[in-house]
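*Asks:* I am attaching a structure below and will ask some questions about it afterwards.
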Amino acid sequence: MEDPRQLRRALLDATAGAISGGISRTVTSPLDVIKIRFQVQLEPTTSLALLRRDLSGSAKYTGMSQATKEILREEGLPGFWRGNVPALLMVMPYTAIQFAVLHKLKTIVSGSSKTVEHLNLSPYLSYISGGLAGCAATVGSYPFDLLRTILASQGEPKVYPNMRSALFDIISTRGFRGLYAGLSPTLVEIIPYAGLQFGTYDTFKRWNMAWNQSLDTSSTTDHSLSSFQLFICGLAAGTCAKLVCHPLDVVKKRFQVEGLQRHPKYGARVDQHAYKNMCDAIRRILQSEGWHGLYKGIIPSTIKAAPAGAVTFVAYEFTSDWLESISS
């Protein structure tokens with residue numbers, strides 16, 4: 001009797017995760033495209049950095065406002081959703097695996113499959129469960145993340161007209177292992193990122209439920225959170241995680257585009273084998289670009305991470321409740 005219920009719960013979590021991930025990715029795609037353009041640009045991304053280094057204004061993108069206008073002028077509105085198809089193919093299985101594994105881990109640790117019981121877990125267990133769930137989801141969906149980065153990083157004229165041409169070029173130049181280029185820094189990034197995101201989300205939910213309880217003078221025991229409170233919890237969780245882990249995301253993007261074609265007007269490309277490993281990449285970026293290099297794209301990344309986290313968690317909570325109501 002237990003196995004069918006566990007399978008049903010896993011399918012419910014996976015479906016709710018996939019739907020919430022797809023909604024979040026589509027809504028925040030424009031900010032993601034701008035972030036990626038900054039991260040793969042070797043030249044400075046701010047006017048101040050250009051002046052400090054006595055460089056001419058040869059950088060393609062020098063600020064968020066300028067990048068937005070440039071992409072809109074050259075590529076139109078569709079440019080802000082470049083790479084969104086592989087992004088959806090990546091994020092939907094990613095969030096499906098992530099939420100399903102997360103719920104399973106919390107069920108094992110807490111001894112109960114009820115979501116309300118999971119909030120009583122130690123904060124440390126929430127962080128560890130989130131990190132492990134992020135690892136499982138990353139390995140399962142990584143090739144689509146790579147393709148998304150490559151397509152989103154190119155402008156006009158396109159080097160790769162579609163996902164298929166990018167896929168074949170990667171396989172022909174790097175082999176099948178090339179589909180997992182940058183996986184190591186991604187896993188190093190995703191453990192603290194997913195751990196922080198889910199751990200802080202659970203923490204903020206507990207704080208808000210305690211706040212509701214302190215304000216509620218009635219005898220009811222229902223101190224569930226409102227949509228707005230869930231949104232704020234997700235907003236805070238996404239922001240905290242992104243601010244801490246952004247440098248590793250920059251390193252990951254460099255590995256993903258290493259040695260691949262890039263139109264000259266978008267600046268220098270990352271040469272093949274430019275970095276020996278993750279530590280070497282961090283050292284070289286610091287040497288050639290300074291601390292600013294590790295935080296390229298931090299503004300659109302943080303602006304995107306906050307609503308992305310909020311939309312994902314709110315959509316998941318509501319979709320999960322809705323699916324549970326219609327399947328019971």
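The values are calculated or read from the model by the stated rules, or taken from the named source; none is laboratory data. What you are looking at is a predicted structure, and each value in this text was computed from that prediction instead of being measured. Virtual Cβ from ideal backbone geometry, glycine too; neighbours counted across all protein chains shown. Areas reflect the complete protein model, heavy atoms only, side chains present, ligands, DNA and RNA absent. Shrake-Rupley method; radii C 1.70, N 1.55, O 1.52, S 1.80 Å.
*Asks:* Can you tell me the mean projection area, over all orientations, of the convex hull of the chain's alpha carbons? Units nm², please.
*Replies:* 18.7 nm²
*Asks:* Taking only complete DSSP H runs, can you tell me which helices of the chain stretch 15 Å or more along their own long axis by Cα positions and average at least -0.5 on the Kyte-Doolittle scale?
*Replies:* Span-like helices in the chain: 2-39, 84-110, 123-153, 163-174, 183-215, 227-257, 278-289, 298-327.
*Asks:* Can you tell me the dipole magnitude for the range 90-181 around its Cα centre, using point charges on the Cβ only (Lys, Arg +1; Asp, Glu -1), in Debye to the nearest 20? Display every interim value, and only then the final one.
*Replies:* Details: 8 positive and 4 negative charges, 28 e Å.
That gives a dipole near 140 debye.
*Asks:* Here is a follow-up. If you build a Gaussian network model of the chain, linking Cα atoms that sit under 10 Å apart, which residue out of SER65, SER110, SER184 swings the most?
*Replies:* In this elastic network of the chain, the residue with the biggest mean-square fluctuation among SER65, SER110, SER184 is SER65.
*Asks:* Separate question: Taking just the C-alpha trace of the range 121-246, give me its Rg and Dmax in Å.
*Replies:* In Å, with Rg to one decimal and Dmax whole: 20.2, 67.
*Asks:* To continue, here is another question. Among the listed pairs LYS35/LYS106; LYS69/LYS242; LYS69/LYS253; LYS104/LYS296, which have their C-alpha atoms separated by more than 29 angstrom in this model?
*Replies:* LYS35/LYS106; LYS104/LYS296
*Asks:* Continuing with the same structure: Of ARG148, ARG177, ARG284, ARG206, which has the most accessible area with a 1.4 Å probe, and how do the rest follow in descending order?
*Replies:* ARG177, ARG284, ARG206, ARG148
*Asks:* Apply the Kirkwood formula to the range 90-181: the hydrodynamic radius equals the inverse of the mean of 1/r over all pairs of different alpha-carbon atoms; give it in Å with one decimal.
*Replies:* 15.3 Å
*Asks:* Considering the chain as a Gaussian network with a 10 Å cut-off on Cα pairs, which listed residue, GLN66, GLN39, GLN197, attains the greatest mean-square fluctuation?
*Replies:* GLN66
*Asks:* Right, something else. Quick one: Karplus J couplings for the range 263-275, per residue in order, coefficients 6.51, -1.76, 1.60, θ = phi - 60°, nearest Hz, x for Gly and Pro?
*Replies:* My calculation for the range 263-275 gives 5, x, 5, 8, x, 5, 9, 7, 5, 4, 6, 5, 10 Hz in order.
*Asks:* Still on this structure, I have one more. State the percentage of accessible surface on the range 90-181 attributable to carbon and sulfur atoms; use a 1.4 Å probe and exclude ligands, DNA and RNA.
*Replies:* It is 67 percent, rounded to a whole number.
*Asks:* Nearest 500 deg cm²/dmol is fine: what mean residue ellipticity at 222 nm does the chain get from its DSSP H runs of n ≥ 4 alone, each adding -39,500 (n - 2.57), divided by its residue count? Could the numbers behind the result be given before it?
*Replies:* Values: 12 runs with 240 residues, N = 328.
So the helix-based figure for the chain works out to -25000 deg cm²/dmol.
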